[in-house]
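Reviewing the structure listed below.
The values are calculated or read from the model by the stated rules, or taken from the named source; none is laboratory data. As the structure is a computational prediction, the values presented were derived from the model and not from experiment. Here the Cβ is made from the backbone with ideal geometry for all residues, glycine too, and neighbour counts use every protein chain on show.
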Amino acid sequence: MKPSKAATAYAVLRERAATRWPARREGTVVMVGAATCGRAAGALEVLDAFRDEIKKRNLDVPVIEVGCIGHCYAEPLVVIAKPGYPPIAYGYVNPVIAERLVKEFILGDNPCPEFVLAALEENDLLPAFADFPRARYENKIILANCGHIDPTDIENYIAAGGYESLAKALDTTPEAVTEEVAKSGLRGRGGAGFPTGRKWQTCRESPGDTRYVICNADEGDPGAFMDRAILESDPHSVIEGIIIAGYAVGARRGYIYVRAEYPLAVARLETALKQAEEFNLLGESVLGTDFSFDITLFQGSGAFVCGEETALIASLEGRSGMPRHRPPYPATQGLDGNPTVVNNVKTMAYLRHIIGRGADWFKGIGTPESPGTAVFALAGKVVNTGLVEVPMGTSLRQIIFEAGSGIPRGKRFKAVQIGGPSGGCLPESALDLPVDFESLKDAGAMMGSGGMVVLDEDDCMVEIARYFLEFTQRESCGKCTFCRLGTKQMLETLTEFTRGEGKLEDLDTLEQLARDVKAGSLCQFGATAPNPILTTLRYFRDEYREHIELGRCPALMCLHLIAYYILPDKCERSCDACVGSCTVEAISPDKKRLKVIDQEKCVKCGTCLTACPPQYNAIMKFSPPSEVPAK
Amino acid sequence: MAKAAKPPLKENKKLAEATRGVLGGFAKKRHNLIPILQKVQGKLGYLPRAAMTEIAAYLDIPTIDVYGVVTFYNQFRLNPPGRHSVRVCLGTACHMKGGHITLDAWRRRLNIDARQTTPDREFDLDTVACVGCCTMAPVTVVDDKPEGQVEPTRVDGILLAFENERKARAKDKGEAV
């Protein structure tokens, strides 16, 4: 059989890419993880340090800026691949360590085991990531490339097998591609879990000449950063997915709606789109076939509700992002009234793997109802923060305590917040729940896009409910009365609780109102906004009661209900650490040189608590404030 | 709140002219409203009334529609920015690790509220829903650079660095510090 046009065109690209990015390199390469989280930890300084040091010594060692390998707790992360050694990842790197690594490992033969986090491959010399407990649970599919390829170079992606699935898809019919995705059972990773194949079929079958594909990259959930990491580390995998989706539904144009709060992701996408055009993967007759496709990058402007698909479309049309009633669903009437498929970043990123390895392979991972993997952004009070990709059906306990290595500083686990403002707080008793779309919904939370914030005994459940309501109240678009006014009223009630005000009956009123808001809102934003309240009321009602009845915050978190106090019998006369640390000059020594906090001035920022040397440990929080011993 | 003084006519003319300079690159389509607003704000730093009127005329839509969109989205601002922008992240992870306490510290030190600019236009303070660096919580984005673990003492540190920079700048210009 003669190879098809697409296959021939792709083979040329692949061959050229392979000469620039061979599988095994001759020389040493330094890769610095410089996604946004790495940059916050100082990755750019580390990058400069490596470049300076290598230039100073006239070495021929490329220093590449890569994305995030998911071990965010150890940022800044650097991987050095030197022939004769396995590729080694170094954690907590700073410019001084960078200088030493160049001197001792790149020039010399000492891999500096004291800075090693782990090797990327198993070997006899150093521990590998595969030996970490989380490796037992992880199954990286869409994160596999992240942090291992140069996101600014399309040829690196192609050399790693990128765009092969697109060429394969173009060789079959759009119907066959849709069929394959439907067969795989892939469900939308934006949170709701709607079957992707069915959405595509609806769009294909809807009347109209013009169709659109939109990639929803408006990751607005506070506490979630999976989409950002993928866009910054492996933008081409998303672009390939969008082109495949476009081919399958018969679209000529696609959009990426990305948050403007992610400047680096925007920059990476701009570069990637330009390169894809240069390589004829976008534009007129993609890979020499009859299929033509363009992608436009559209920056959102900071409105959480625009993650809702109809609001997102309104925003693309140049209007305020207000959701509208569904049906008609965007798949039948979307952008400018045309059939439109809206899929999340992760959904798009799975497509190349499903087309490449087949629907049966994908179905073999995860659970029958929710096949594939789930990507979670682990943050909060957990030792190993970062990105984890585990098969669906893994339990929360395994994710938090095995993959995330549990709670730091020996504290007790209290709850895990899943799904951002639309999700809920699940207590210890829910930890053995398997993670999939249905189980989480039954427990009162939801998959959401995958933010997972772990809370320990120092976190107050009333305060976290109040926090989310503050967020949803501000972000409510204002279309539905229940959502607009209901969230405001609920926020006021919760604020009273965190001040120790309010009455016990308010708890029932709050619960009733939460149910009403759920029922009386048009879109998922309003229908899920009360989830944080409902789950905390369901699992942590006693904590609410304590706030109301005793004016006491058991987690010692609500600022109105606590006071700081310096224990006179523990305070050391010769030490002034807290006095200098206080940001409002509220601490001063008394006649005996024991330090005293002026409660009137104190803003309860907690700096003194950190400043007090551990051998004295003289500062304590009290709740309610009336517990503070009088002079 | 004091009523904002109307900028002098000359200033308005300048703003309108700068806006027109941006508009040329866009087709006259309602769909382009948000990209236009982003570009104009990128150039002027904010969206003054003169710019909004200009954009409405160009797209042939009512000015109130432009104003409606500008006030709907968090990113658009109606007042000029400071020399340095301070944006405190109030995402879940940051909040639980004391983001609101950090915000209090900034408010106290700069003596302004969120969404305001210091009278000398040196700093503007704002909050942001989440910048996706949850593992570095609490985060403050200072001049587009995300800073991790910004607690009240770090706030003072960052301000001190700016103060030193300002002094160096003044010295370069030969001005008295």
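Tell me yes or no: at least one residue of region B:74-93 is surrounded by 19 or more Cβ atoms within 10 Å (Cβ to Cβ), free of Cβ contacts under 8 Å to residues at least 12 places away in the same chain and either under 10 Å from the mean Cα position of the chain (by Cα) or at the interface with chain A (Cβ under 8 Å from one of its Cβ atoms) (or both).
No; the residues of region B:74-93 include none that is surrounded by 19 or more Cβ atoms within 10 Å (Cβ to Cβ), free of Cβ contacts under 8 Å to residues at least 12 places away in the same chain and either under 10 Å from the mean Cα position of the chain (by Cα) or at the interface with chain A (Cβ under 8 Å from one of its Cβ atoms) (or both).
Are there any strands (runs of 3 or more DSSP E) wholly within region B:35-143 with 3 or more residues that are β-branched (Val, Ile, Thr), and if so which? So that I can check it myself, show each step before the final result.
Numbers: elements: B:84-89, B:123-128, B:140-142.
Fully inside region B:35-143 and qualifying: B:140-142.
Taking only region A:372-394 into account, find how many residues are in contact with a Ser or Thr (Cβ under 7 Å, 6 or more places away or on another chain), at negative phi and more than 14 Å from every other protein chain (Cβ to nearest Cβ). Full working, then the answer.
Applying the first criterion (in contact with a Ser or Thr (Cβ under 7 Å, 6 or more places away or on another chain)) to region A:372-394 yields A:378-379, A:383-386, A:389-393.
In the following step, the residues that additionally are at negative phi were identified as A:378-379, A:383-385, A:389-392.
Pick out the ones that are also more than 14 Å from every other protein chain (Cβ to nearest Cβ) and you get A:389-392.
Count: 4.
List the number of the failed condition for A:Thr472; all other conditions in (1) closer than 17 Å to A:Pro554 by Cα; (2) in a helix (DSSP H, G or I) hold.
Unmet for A:Thr472, out of (1) closer than 17 Å to A:Pro554 by Cα; (2) in a helix (DSSP H, G or I): (1).
Run down A:Cys558, A:Cys612 and say which single residue is under 26 Å from B:Arg109 (Cβ atoms) and under 34 Å from the mean Cα position of the chain (by Cα). It would help to see each step written out before you state the result.
On the way: A:Cys612 fails: under 34 Å from the mean Cα position of the chain (by Cα).
Testing whether each residue is under 26 Å from B:Arg109 (Cβ atoms) and under 34 Å from the mean Cα position of the chain (by Cα) leaves just A:Cys558.
Exactly one condition in (1) more than 27 Å from A:Arg16 (Cα to Cα); (2) touching a Cys at 6+ places or on another chain (Cβ under 9 Å) is not met by A:Glu138; state its number.
Among (1) more than 27 Å from A:Arg16 (Cα to Cα); (2) touching a Cys at 6+ places or on another chain (Cβ under 9 Å), the lone unmet condition for A:Glu138 is (2).
Please verify whether A:Thr296 is under 26 Å from A:Glu219 (Cα atoms), within 11 Å of chain B (Cβ to nearest Cβ) and either within 26 Å of the chain's Cα centre (by Cα) or modelled with pLDDT under 95 (or both), treating the condition exactly as stated.
Working: under 26 Å from A:Glu219 (Cα atoms): yes; within 11 Å of chain B (Cβ to nearest Cβ): yes; either within 26 Å of the chain's Cα centre (by Cα) or modelled with pLDDT under 95 (or both): yes.
Against the criterion (under 26 Å from A:Glu219 (Cα atoms), within 11 Å of chain B (Cβ to nearest Cβ) and either within 26 Å of the chain's Cα centre (by Cα) or modelled with pLDDT under 95 (or both)), A:Thr296 qualifies.
I'm checking my understanding of the structure. Among residues of region A:12-43 that are touching a Pro at 6+ places or on another chain (Cβ under 6 Å) and in a loop (DSSP other than H, G, I, E, B), which one is farthest from the other protein chains (Cβ to nearest Cβ)?
The extreme case among them is A:Gly42.
Any chance region A:261-271 includes a residue that's over 22 Å from A:Val12 (Cα atoms), outside any helix (DSSP H, G or I) and within 14 Å of chain B (Cβ to nearest Cβ)? First the steps, then the outcome.
First, pick out the residues of region A:261-271 that are over 22 Å from A:Val12 (Cα atoms): A:261-270.
Still in the running and outside any helix (DSSP H, G or I): A:261-262.
Narrowing further to those that are within 14 Å of chain B (Cβ to nearest Cβ): A:261-262.
There is at least one residue in region A:261-271 that is over 22 Å from A:Val12 (Cα atoms), outside any helix (DSSP H, G or I) and within 14 Å of chain B (Cβ to nearest Cβ).
Can you confirm whether region A:213-220 contains a residue that is within 14 Å of another protein chain (Cβ to nearest Cβ), in contact with a Cys (Cβ under 8 Å, 6 or more places away or on another chain) and either at pLDDT below 95 or crowded, with 19+ Cβ neighbours inside 10 Å (or both)?
Residues of region A:213-220 within 14 Å of another protein chain (Cβ to nearest Cβ): A:214, A:217-220.
Next cut, in contact with a Cys (Cβ under 8 Å, 6 or more places away or on another chain) only: A:218, A:220.
From what is left, the residues that are either at pLDDT below 95 or crowded, with 19+ Cβ neighbours inside 10 Å (or both) are A:218, A:220.
Yes: region A:213-220 contains one or more residues that are within 14 Å of another protein chain (Cβ to nearest Cβ), in contact with a Cys (Cβ under 8 Å, 6 or more places away or on another chain) and either at pLDDT below 95 or crowded, with 19+ Cβ neighbours inside 10 Å (or both).
Check A:Glu317, A:Glu270 and return the single one that is without any contact (Cβ under 8 Å) to a residue 40 or more places away in the chain and in contact with an Asp or Glu (Cβ under 9 Å, 6 or more places away or on another chain).
On the way: A:Glu270 fails: in contact with an Asp or Glu (Cβ under 9 Å, 6 or more places away or on another chain).
Only one candidate passes the filter, namely A:Glu317.
Residues of region A:153-182 being under 30 Å from the mean Cα position of the chain (by Cα) and outside any helix (DSSP H, G or I), which ones?
Matches in region A:153-182: A:Asp153, A:Ala160, A:Gly161, A:Gly162, A:Tyr163.
Could you grab me the full set of residues in region B:126-153 that are surrounded by fewer than 24 Cβ atoms within 10 Å (Cβ to Cβ), farther than 18 Å from A:Leu264 by Cβ and β-branched (Val, Ile, Thr)?
B:Thr127, B:Thr153
Which residues, taken from region A:479-498, are out of contact with any His (no Cβ under 9 Å at 6 or more places or on another chain), closer than 18 Å to A:Leu561 by Cβ and in contact (Cβ under 8 Å) with a residue 60 or more places away in the chain?
none
Right, B:Thr63: more than 19 Å from A:Ser301 (Cβ to Cβ), more than 8 Å from every other protein chain (Cβ to nearest Cβ), in contact with a Ser or Thr (Cβ under 6 Å, 6 or more places away or on another chain) and surrounded by fewer than 20 Cβ atoms within 10 Å (Cβ to Cβ) or not? Steps first, please.
Details: more than 19 Å from A:Ser301 (Cβ to Cβ): no; more than 8 Å from every other protein chain (Cβ to nearest Cβ): yes; in contact with a Ser or Thr (Cβ under 6 Å, 6 or more places away or on another chain): yes; surrounded by fewer than 20 Cβ atoms within 10 Å (Cβ to Cβ): yes.
In short, no.
Looking only at region A:460-471, filter to residues that are within 11 Å of another protein chain (Cβ to nearest Cβ) and closer than 15 Å to B:Gly91 by Cα; which one of those is surrounded by the fewest Cβ atoms within 10 Å (Cβ to Cβ)?
Among those residues, the one meeting the criterion is A:Glu470.
Conditions tested, residue by residue: (1) assigned by TED's automatic domain parsing to the domain that holds A:Arg228; (2) at pLDDT 95 or above; (3) over 20 Å from the mean Cα position of the chain (by Cα); (4) part of a loop (DSSP other than H, G, I, E, B).
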position: A:Pro327; (1), (2), (3), (4): yes, no, yes, yes
position: A:Thr347; (1), (2), (3), (4): yes, yes, no, no
position: A:Leu351; (1), (2), (3), (4): yes, yes, no, no
position: A:Gly356; (1), (2), (3), (4): yes, yes, yes, no
position: A:Pro368; (1), (2), (3), (4): no, no, yes, yes
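Taking only pairs six or more apart or across chains, which ones have beta-carbon atoms under 7 Å, a first residue in region B:124-138 that is under 19 Å from A:Asp218 (Cβ atoms) and within 7 Å of chain A (Cβ to nearest Cβ), and a second residue that is of a type in the set (D, E, K, R) and surrounded by fewer than 24 Cβ atoms within 10 Å (Cβ to Cβ)?
Every condition considered, the pairs that remain are B:Val128/B:Arg87.
For region A:499-549, which helices (runs of 4 or more DSSP H) that fit wholly inside it have 1 or more residues that are under 30 Å from A:Ala311 (Cβ atoms) and touching a residue at least 60 places away in the same chain (Cβ under 8 Å)?
Details: elements: A:505-519, A:524-528, A:531-539.
Correct list: A:524-528, A:531-539.
Restricting to region B:143-155, count the residues that are in contact with a helix residue (DSSP H, G or I) (Cβ under 6 Å, 6 or more places away or on another chain) and more than 7 Å from chain A (Cβ to nearest Cβ).
Number of matching residues: 2.
Any idea how many residues of region B:19-38 are more than 8 Å from every other protein chain (Cβ to nearest Cβ) and crowded, with 17+ Cβ neighbours inside 10 Å?
Step one: filter region B:19-38 for residues more than 8 Å from every other protein chain (Cβ to nearest Cβ), giving B:19-28, B:36.
Okay, now just the ones that are also crowded, with 17+ Cβ neighbours inside 10 Å, so B:19, B:22-23, B:36.
Going through region B:19-38 one residue at a time, the tally reaches 4.
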